[in-house]
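Take a look at the structure set out below.
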Amino acid sequence: MEELMREGLKKAQELNASYADIRWIDTKIESIQLKNGQVEGLQSITDSGFGIRVIANGSWGFASSCHFDRDEVLRTADMAVRIAKSSARVQKHEIVMAPQGKPVEKKYENKYKHDPFEVPLEDKLALLSDASKLMERSDVKLSAAFMSAFSQHKRLMTTEGTDIEQTLVGCGAGIEATAVSSGESHKRSYPCSFHGNYGTRGYEFIKKLNLTDHAERVGKEAVALLDADPCPKKTTNLILDSSQVALQVHESCGHPTELDRVLGYESSFAGESFLTLDKRNNFKYGSEFVNINADATIAGGLGSFAFDDEGTRAQKIRLVSEGNFVGYMMSRETASTLNLTSNGTMRATNWNRIPLIRMTNVNLQPGSWNFDELIEDTKSGVYMLTNRSWSIDDKRLNFQFGTEVAYEVEAGELGRMLKNPVYSGMTPQFWADCDAICGKDDWQLWGVPNCGKGEPMQIIGVGHGAAPARFKKVKVGVGK
Amino acid sequence: MMEDPRIDKTTTLELLGNVLSHGVMNKIDQLEAVLITTDKYLTRFAKSQIHQHMAERNVDVAIRVVAGKKLGSVHLNSLELPRLEGAVEQAQKIARVQGENLDFVSLPSYDADRLPPVADIENLTYYNSTAVHSPEAKSNEIKELIDLTTTKKEEDLAGAYLTEISRVAIVNSLGVEVYMPTTLASLNVNITGPNGATGYAEFTSRDVKELNLKAVGKELKTRCRLSRNPKPLPAKTYPTIFEHYAVGELLIYLSGMGFSAKAVSEGWSFMCDKFNEKIVSPKISIWDDGLDARGLPIPFDFEGMPKQRVDLIEKGEAKGVVYDSLTAGREGKISTGHALPAPNPMGPQPVNLFMNIGESDISEMIEDTKEGILVTRIHYANPLDPKQTLLTGMTRDGTFLIEKGEITGAIKNMRFTQSLVEMLNTTKMVGNTSKSTRSWYGTCSVPCMKVGKFKFTGTTEH
């Protein structure tokens, strides 16, 4: 393999590429989906190939192939350079990569106890089947259970001398119940939406989710929502559970702090960002309680790794400090526009995709509140849990989120269940009105497996650490 | 462009035939093998320069094994027979460990009577003009479009230009054997100019020769000129006119909320218990037709079943939904040819959707409006409640105020929260031209339209 990869780099240089890297990736995925106790999908995916990224005539080119042999490596290198040279015809500025320091030669594997691929399929199916049965109720039309495991082994070599091998193994699981009546349907999920919680951890992570301990409650709550009162339309105190805070951070802080979006690279598709270059170190993003970082070094996060796909070491980056916007997630190319260096956030989903700036584990730092004290301190408001819908404008300002369930908060106590809860706002105003964040005991690292970006779309896993938080003067119940 | 020389029709079908033989040797009840090869070339541009430019060569082989009523699936991207044979055995093991899927009846049998002749298939799906279109040609076209639209150097273009060649082969142990080469060309472009000006244009076809850069450029410039200095407008319910792009996106979301037999059987489709009842305005008909070349024709689905035209909504009445072999078998029906690659938790989906055209020009819709909004495009929509077809999202790339029958200015983007069925019930006018817009897994060909009521629930700063 090493020899073929070096031949690819050599070929690109012979064709006058000023820079080249080659990534070979081998991926294994096992996914299981049960619906109403029956296996609806159970599949194994294996996939491998390589991609060559070059700079020639000052422009990027990228070509990839699943056929890893000498002829194809040379053809692919040739195509990458040819593409770069054709790009140069429509180029205002030559690509500049920020310096990276000394070339790195490393091997890395994430740590875990039990390889999820070694656990017998029968055991996994039994766990999901047991959880499904416990969700069943007369009004539960659909009970679903999900589990998946992945292993990705990759090697990156560059013309600068970097040679990094990484293996990341992870898994996750979740359950959901959907109750249906003639006019409406309601879903409850555990531990969160998007088919569960995921991390770069072993099967011990799935065991710790204790799916069967929560399944009966999930089924009951889905049915109870059919008869719950609708969330009233008003402006009030909003308390979000940890998983919904994670989604709020994802959409309203994670994406807008990706420097490629800020520079317009994604403008035709996903959009740009309100956090323009003039706002760095010069913009009040939120209240003094709001501290947000992107930390790829946390053990077990879905956005954790040792090196990004440009060979930059994983880092912990400050994005928002005491409410002030202080930094972006950057690649080598985008960092050079600010005379900075990359902070290691370039990831591609696979060998056939170029690396893009992706969230790592973007975390809202814990505050000092205890959850029970937070409820007791709230005279009036709504407590919303578990994301159901999400939408935000193309600069990441105007947002609307729906959750699966809410509870009224009156005189410091949780009250009646509310259905169809929705809240909306504008990002900086919303975070400026954050007046309480719960502490470490309520803080949890969530793995979101379905973050999409780029064309062709790259769906990647990211992490978000969050604790329940309170926001003042929020519009809730809008839309109906 | 260059195609993968390793695999043509003969070698593909021979390879898959060997896979089937291995299944027979292993006494497998039923076996299906689907092979898709792809050569894809994507050029992305932003700030009027190419910033990402990619080529991809890949294969995907999906093996599905049936053991009684148990199914196992394995995907791999290899053409090596020993690995494919290993995948058959792995799928067999996966099938055996699970409980029975009581809904499953059988993989489909070969249905030659309903498949178009081979030559017709190629004429529908494959254009050599697209297959040979080079990265250099695409770079030149992007340059030409930039020169056409940014004459004052005040505007910037961003977008993506894709050309793709695929070859799809499907065989199963019940006699299905189909093969289809396809090409695809698509371009989406967003323009930005001074004082908040913006616009959008899109092109999709199997034949790249149909791309008319001058027309795309004119559309971008017109919308960009009109959309300067957008002003905020209070959020409330307005009569609203939708350009083709917005109608296409709304239709895709409507489809996802109920046009699948799976959604109906699971009880969350808006079509549940409504068949043969009026659910929207009689001005509206929606159908799926895999053989209609005005969209992106595809003659069979990913089980090799011939595509049937399915009337989904006819003159306002709920008429039908689409089926694959699993959902059809459960109800004792024949698949309509709408399976996606297995295993497919989404269920069958329409992938070549159509909405009827009407008699109105968009200028007549504007003239007919005392106070209303014109929407170019929808951004980041998401269903709140599929059964009520309640959707939220933003407008983008050109939102305009109409007063006394004229566009009087651009407005800042607005959030909507609206039931799509209720919206279609207030349909006032349907456009007299159709345009194909790409969705995540197909296309829809739609007109512009005007509705009486569309609920805006917020506004943003741009």
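The values are calculated or read from the model by the stated rules, or taken from the named source; none is laboratory data. Everything numeric here is computed off the predicted structure, so don't read it as measured data. Neighbour counts are summed over all protein chains in view; Cβ atoms, including those assigned to glycine, are modelled from backbone coordinates with ideal geometry. Please note that ligands, DNA and RNA were not included when accessible areas were found on the heavy atoms of the full protein model with its side chains. Shrake-Rupley method; radii C 1.70, N 1.55, O 1.52, S 1.80 Å.
Which of the residues spanning segment B:64-74 are in a strand (DSSP E or B) and either open to solvent by 20 Å² or more (accessible area, probe 1.4 Å) or acidic (Asp, Glu) (or both)?
Once the filter is applied, which keeps residues that are in a strand (DSSP E or B) and either open to solvent by 20 Å² or more (accessible area, probe 1.4 Å) or acidic (Asp, Glu) (or both), segment B:64-74 yields B:ARG64, B:ALA67, B:LYS70, B:LEU71.
Any residue in segment A:384-396 that is over 27 Å from A:ILE175 (Cα atoms), in contact (Cβ under 8 Å) with a residue 40 or more places away in the chain and away from chain B (no Cβ under 11 Å)?
Looking through segment A:384-396, none of the residues is over 27 Å from A:ILE175 (Cα atoms), in contact (Cβ under 8 Å) with a residue 40 or more places away in the chain and away from chain B (no Cβ under 11 Å).
Which of the residues spanning segment B:225-271 are within 21 Å of B:GLY199 (Cβ to Cβ), touching a helix residue (DSSP H, G or I) at 6+ places or on another chain (Cβ under 8 Å), in a loop (DSSP other than H, G, I, E, B) and of a type outside the set (Lys, Arg)?
Matches in segment B:225-271: B:SER227, B:ASN229, B:PRO230, B:GLU243.
Spot the failing condition for B:LYS274; the list is (1) over 30 Å from B:GLY199 (Cβ atoms); (2) surrounded by 19 or more Cβ atoms within 10 Å (Cβ to Cβ), and only one is missed.
(2)
May I ask you to list the residues in segment A:86-119 that are open to solvent by less than 70 Å² (accessible area, probe 1.4 Å) and either within 19 Å of B:ILE50 (Cα to Cα) or within 11 Å of chain B (Cβ to nearest Cβ) (or both)?
A:SER86, A:SER87, A:ALA88, A:VAL90, A:GLN91, A:ILE95, A:MET97
Taking the condition of being open to solvent by 50 Å² or more (accessible area, probe 1.4 Å) and within 19 Å of A:SER44 (Cα to Cα), how many residues in segment B:86-123 meet it?
Residues flagged as open to solvent by 50 Å² or more (accessible area, probe 1.4 Å) and within 19 Å of A:SER44 (Cα to Cα) within segment B:86-123 amount to 5.
Just checking, does segment A:436-451 include any residue being more than 24 Å from A:PHE371 (Cβ to Cβ), within 14 Å of another protein chain (Cβ to nearest Cβ) and modelled with pLDDT of 95 or more?
yes
Output the residue which, of all residues in segment A:403-419 that are without any contact (Cβ under 8 Å) to a residue 60 or more places away in the chain and of a type outside the set (A, V, I, L, M), is farthest from the other protein chains (Cβ to nearest Cβ).
Residue satisfying both the conditions and the ranking: A:GLY412.
Could you check segment B:237-259 and list, in sequence order, the residues that are among the hydroxyl-bearing types (Ser, Thr, Tyr), open to solvent by less than 20 Å² (accessible area, probe 1.4 Å) and within 14 Å of chain A (Cβ to nearest Cβ)?
Correct list: B:TYR245 only.
In segment A:203-244, what residues are surrounded by fewer than 22 Cβ atoms within 10 Å (Cβ to Cβ) and of a type in the set (D, E, K, R)?
Within segment A:203-244, A:GLU204, A:LYS207, A:LYS208, A:ASP213, A:GLU216, A:ARG217, A:LYS220, A:ASP227, A:ASP229, A:LYS233, A:LYS234 meet the criteria.
Which is more than 14 Å from every other protein chain (Cβ to nearest Cβ) and out of contact with any Phe, Trp or Tyr (no Cβ under 7 Å at 6 or more places or on another chain), of B:LEU102, B:LEU81?
B:LEU81
Determine, yes or no, whether B:LEU145 is without any contact (Cβ under 8 Å) to a residue 60 or more places away in the chain, surrounded by 19 or more Cβ atoms within 10 Å (Cβ to Cβ) and in contact with a strand residue (DSSP E or B) (Cβ under 8 Å, 6 or more places away or on another chain).
No; evaluated as a whole, the condition is false for this residue.
Quick grid of which residues meet (1) open to solvent by less than 10 Å² (accessible area, probe 1.4 Å); (2) farther than 17 Å from A:GLY254 by Cα:
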| residue | (1), (2) |
| --- | --- |
| A:ASP441 | no, yes |
| A:GLY454 | yes, no |
| A:ALA467 | yes, no |
| A:VAL474 | yes, yes |
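Condition check ((1) surrounded by 22 or more Cβ atoms within 10 Å (Cβ to Cβ); (2) assigned to a loop (DSSP other than H, G, I, E, B); (3) touching a residue at least 40 places away in the same chain (Cβ under 8 Å); (4) among the hydroxyl-bearing types (Ser, Thr, Tyr)) across all residues:
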residue	(1), (2), (3), (4)
A:GLU288	no, yes, no, no
A:THR297	no, yes, no, yes
A:GLY300	no, yes, yes, no
A:SER304	yes, yes, yes, yes
A:ASP309	yes, yes, yes, no
A:ARG318	no, no, no, no
A:LEU340	no, yes, yes, no
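Would you call B:ASP111 within 26 Å of the chain's Cα centre (by Cα) and farther than 27 Å from A:ASN350 by Cα?
The answer is yes for B:ASP111.
Restricting attention to segment A:245-266, does a residue exist that is open to solvent by 10 Å² or more (accessible area, probe 1.4 Å), over 25 Å from A:TRP369 (Cα atoms) and not aliphatic (A, V, I, L, M)?
Yes, there is a match, as at least one residue in segment A:245-266 is open to solvent by 10 Å² or more (accessible area, probe 1.4 Å), over 25 Å from A:TRP369 (Cα atoms) and not aliphatic (A, V, I, L, M).
For residues that are open to solvent by 10 Å² or more (accessible area, probe 1.4 Å) and facing chain B (nearest Cβ under 10 Å), tally how many sit in segment A:46-67.
7
For B:VAL61, only one of the following conditions fails: (1) at the interface with chain A (Cβ under 8 Å from one of its Cβ atoms); (2) modelled with pLDDT of 95 or more; (3) open to solvent by less than 10 Å² (accessible area, probe 1.4 Å). What is its number?
For B:VAL61, the failing item is (1).
B:VAL19 passes all but one of (1) part of a helix (DSSP H, G or I); (2) open to solvent by 30 Å² or more (accessible area, probe 1.4 Å); which number fails?
(2)
At least 3 residues that are open to solvent by less than 50 Å² (accessible area, probe 1.4 Å) in each: list the strands (runs of 3 or more DSSP E) lying fully within segment B:311-423 that qualify.
B:352-355, B:371-385, B:390-403, B:414-419
If the requirement is being under 28 Å from A:ASP123 (Cα atoms), assigned to a loop (DSSP other than H, G, I, E, B) and in the same structural domain as B:LEU145 (by TED's automatic domain parsing), which of these qualifies: B:LYS93, B:LYS27?
B:LYS27
Give the residue that is farthest from B:HIS53 (Cα to Cα), with candidates limited to residues of segment B:151-204 that are open to solvent by 10 Å² or more (accessible area, probe 1.4 Å) and touching a His at 6+ places or on another chain (Cβ under 9 Å).
By that ranking, first place goes to B:GLY196.
Looking only at segment A:22-36, which residues are surrounded by 19 or more Cβ atoms within 10 Å (Cβ to Cβ) and more than 17 Å from A:HIS153 (Cβ to Cβ)?
A:ILE32, A:GLN33, A:LEU34, A:LYS35
Right, A:LYS419: over 25 Å from A:GLY303 (Cβ atoms) and surrounded by fewer than 18 Cβ atoms within 10 Å (Cβ to Cβ) or not?
The answer is no for A:LYS419.
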